[in-house]
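Scroll down for the structure; my scribbles are underneath it.
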Amino acid sequence: MKPQALLLALLATAAPLYAMAADVTADDDKSAVDGVVVTARAHDTVGSTGSKLATALVDTPYTVSIITSDRIDQLGLQSLNQALRYTAGVTPETRGGVVTRYDQFKLRGFDVNATFLDGLSNLYPGWYADAQVDAATVDRIEILKGPASVLYGNSPPGGLINYVSKTPREVAGGEIEVRAGTNKLIEGSIDTTGPIAGDSRYTYRLVALARQGDGQAVTTKYQRYVVAPSFTWRPDDATTVTILGRYQHDPKAASYGGAPSQGSALSNPLGALSPDFYDGDPNFEAYNRTQATVGYLAEHRFNDVFAVHQNLRYSRVESNYESVYATGLAADNRTLLRGTAASRESVDGFVVDNQVSAHFDTGPLTHDVLVGLDYQHAMAKVQTGFGAAPTLDVFAPVHGQPIVNPLYDASAYRSDMRIKQEQTGLYLQDQIKLDKLVVLLGLRRDALKQDTTYLGASGSTARIDQDKTSGRVGVLYHFESGLAPYVSWSQSFEPQGAYGTRVFQPITGEQIEAGVKYESPDKKVFATVAAFEIKRQNVLSPDPVNTNESIQGGEVRSRGVEFEGRAKLTDRLALSGAATVLSIKNTKDMLATSDYVNYFNLNGLAPVGVAKKTASAFADYDFGGPLDGLRGGLGVRYVGPSYGNLANTFKAPAYTLVDLSLGYELEKMSLGMKGWKLNASATNLFDKRYVSSCYSDAWCWFGAERSVQVGLKRSW
């Protein structure tokens, strides 16, 4: 279906809903609005990711950040990368202005290689067929910082991201919106929910979206279509079952390429490259991905003590990827050397998390015990190819050159694999309260098996079988003043498959964290200050002798201090802020004493793409008075310089950006426009040219240019 046709279909679907909205009385409308406000406030202070239970953030002896759907909508955000711009501990958008392909960023200095959806992993054992969740379909995003393997198994030491889906509500309501913006953005969306036939035991929700526009790199485009239906059945007060479906198709996803450091992060004697520089070729560029998921969230409470929960999801992702990418800039400072990459991939995934929870007392101690057994299964088909491509003059690019797809080029490096992965985890957690003291204890045992079968001449299979026990301990104490100091220890576990002909041990991580949380009695102020040290061990590095292989044994240490807080200063003004100071470096080099020739020692050097300092602030203001109905938001974010290559010989410069949002309730102008709202937002307001990060001398990524959006929304 063409984008224009889908947009018209969305609008047509909404027509009967307008009629439903017109029948809602003033009192019903007020109840709906009040319900949303209460829910949003609860989402700011209560999260489930830190303990897999509904736990107040001030009771959690770890750092948890929450991004609500209100903030996502306010700034017109489309991806997790964009949503994390105002979160402490994050170096955002390390792959630049790419929005509709992957979410790539650093959390406490480490790459986050997978996200979670409703507490279930989206981890993919292949190459390019990673899932991406559109921001329009989530109710909130929860960020648990530091190792989280005790509850979630395979995850990096910097932390994890959990999307919480929009689910049905018992109060009827909804919204339909049309947006337009720079780079030919056009978007239509609908979100409607409520009881079915007036029976609150059966509720539904439907979220649908169509979006298209031009990518930042010249000649590139992106398209996305999303439909996410859900249905909740509450047969009684003790039982809830929510069925969730999601279909997402990305026929185009802009460009995944970058720019050479000379002309982007560094000066080039021949001139500077534009942020819309494109190292690929429009006749070859392709990224077509389809995602489909179905699952459920089920809960039954037997009594005041025991409850059972089961979250389950089946998913399928298919992708077709073709790209021309830079490999280096020639000595003439203008001739770009390039290669090709292509893949055909599909993955079927099944994941289930079974939990039994118990709430009880033993003398003066109150326990919230959680016992869980989760299982993940993935079967991936992966065809990849890497070959040669014609050079490109970066100052006078000629596109449309003849390029051979490496999947069908006998001279290219090709592989055809089948990957089967299974992981089982058994975990136990006890959250103990004694008056104002909170103690959180957790232990988990993971078992992972993976078979990688290489089709073709070799027909060989590489097998791994890895087990690991992870733990965590946290202690927090509440003072009458609202202060809650805490200290915690936690571990992470990252299974490692076969790379080339070698099989490796799991990468492990360990964190010590201490901090103070504060929540005012009226809950209008919440803040966290945390200091931490993370050590990631058994790290992999490229083999300097055989570049198709890796070697293992390094260690990376991350130390930092974070601040994050928000405050409702007056009935009209709210402020939020975040700041991070981070020091990360390689503390052990597996080759420091080796006999490899011309190998530089990584020990003492910093990983690429990690900013030492980041800071942000955002102010929301409801004008009132003669400007009643107008709401404005102003944000400033700073990201410090980061090293651009392994040798630490240059840095991507620091940058400071400004974001602005405005919203106006049109009913303040005319009672006949009740429920209508006009929204406008601008990110990178002053269109600053900047480089978000670099991976090497050959690969740097320009940050997102100015984006302006205007939207018209009808709510009921």
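A short reminder: the numbers here are calculations on the coordinates, not readings from a lab. Small disclaimer: the values here were computed from a predicted structure and weren't measured. Please note: Cβ atoms are built from the backbone with ideal geometry, for glycine as well, and neighbour counts cover all protein chains shown.
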Among 343, 403, 539, whose Cα sits farthest toward the positive end of the charge dipole of the chain (+1 at Cβ of Lys/Arg, -1 at Cβ of Asp/Glu, about the Cα centre)? 403
Cα centroids of the range 519-568 and the range 375-411: how far apart, whole angstrom? 33 Å
Straight-line reach from residue 433: which lysines have Cα under 25 Å away, leaving out those fewer than 8 places along the same chain? 52, 145, 517, 523, 524
Magnitude of the Cβ-charge dipole (Lys and Arg +1, Asp and Glu -1) of the chain about the Cα centre, nearest 20 debye, reported as 860 debye
Treating the chain as a set of equal point scatterers at the Cα positions, no solvent, please give the Debye-formula log₁₀ I(q)/I(0) at q = 0.08, 0.10 Å⁻¹. -0.64, -1.05
For the chain, calculate the relative contact order in percent as a whole number, restricting contacts to Cα pairs under 8 Å that are 6 or more residues apart. 12 percent
Residue (of 474, 192, 438) at the positive-pole extreme of the chain, dipole from beta-carbon charges: 474
Expected unfolding gain across residue 555-residue 601 under the 0.36 nm per residue rule, minus the alpha-carbon gap, is 15.3 nm
Along the charge dipole of the chain, Cβ charges K/R +1 and D/E -1, which of 151, 291, 652 sits furthest on the positive end? 652
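What is the dipole size for the range 666-716, taken about its Cα centre, with +1 at each Lys and Arg Cβ and -1 at each Asp and Glu Cβ, in debye to the nearest 20?
Charge dipole of the range 666-716: 420 debye, to the nearest 20.
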